[in-house]
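Peer 1: I'd like to ask some things about the structure below.
Rule-based calculations on the coordinates, nothing more; no lab input. Fair warning: this is a prediction, and the values are worked out from it, not measured in the lab. Virtual Cβ from ideal backbone geometry, glycine too; neighbours counted across all protein chains shown.
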Amino acid sequence: MLLVLGTVAAFQFAERVESAKTAVVAGLATSVGAAPFELAVHVGNLPQFEFNVDQLAIMGALFGVVYRYAVRDDTNPQLNSGVVGAFALTRSLASVRVSPGCAFAPLACGPPFGYLDLAMAWQLASTLATSAIAFYAAAAAIDAAVDRGFLQRYRG
């Protein structure tokens with residue numbers, strides 16, 4: 001019984017180490033992948049650029065751990081893209097600030113989309129593009145690290 005518990009504990013520790021390594025790789029890849037696009041959008045506001053890249057590093061680390069557990073040994077590209085898309089969409093929707101001229105209940109912001117005005121649509125589109133690139137960069141870095149033997153997929 002003690003031998004089995006020791007084996008389980010060793011397995012759990014090894015999985016935690018792999019998850020930590022994955023978080024580091026993904027955090028770095030996400031921030032590096034997004035930096036040029038964040039700089040282009042926030043060239044006049046460098047503190048916002050820095051905050052967004054720092055924020056993406058943290059989100060990327062969390063993404064990496066989720067990606068590792070969700071994808072496992074699966075070669076289904078829809079699963080991989082789904083994890084990337086879920087993180088990109090969640091970050092993008094949370095970043096949109098409603099324009100001051102919008103009406104409440106039901107939300108009406110005017111042309112061209114009614115629910116979203118042009119300023120909100122631009123926020124959503126630019127953040128969605130940057131987020132997708134950033135999280136795809138993290139997924140590609142994780143996959144490359146697995147292919148080179150630096151990281152291991154979760155097999156649980």
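Peer 1: Assuming residue 105 fulfils every condition listed in (1) surrounded by 12 or more Cβ atoms within 10 Å (Cβ to Cβ); (2) farther than 23 Å from residue 15 by Cα; (3) of a type in the set (A, V, I, L, M) apart from one, which condition is it?
Peer 2: (1)
Peer 1: Still on this model: Can you say whether residue 135 is closer than 27 Å to residue 37 by Cα, among the aromatic types (Phe, Trp, Tyr) and touching a Phe, Trp or Tyr at 6+ places or on another chain (Cβ under 6 Å), as far as the supplied structure shows?
Peer 2: Yes, satisfied.
Peer 1: Let me ask another. Taking the criterion of being free of Cβ contacts under 8 Å to residues at least 12 places away in the same chain and over 25 Å from residue 13 (Cα atoms), would at least one residue in region 131-152 satisfy it?
Peer 2: no
Peer 1: Can you tell me how many residues in region 138-155 are in a loop (DSSP other than H, G, I, E, B), surrounded by 15 or more Cβ atoms within 10 Å (Cβ to Cβ) and of a type outside the set (Phe, Trp, Tyr)?
Peer 2: Of the residues in region 138-155, 3 are in a loop (DSSP other than H, G, I, E, B), surrounded by 15 or more Cβ atoms within 10 Å (Cβ to Cβ) and of a type outside the set (Phe, Trp, Tyr).
Peer 1: Sticking with this one: Restricted to region 82-101, and to residues that are surrounded by 15 or more Cβ atoms within 10 Å (Cβ to Cβ) and not aliphatic (A, V, I, L, M), which residue is nearest to the chain's Cα centre (by Cα)?
Peer 2: Only one residue fits best here, namely 87.
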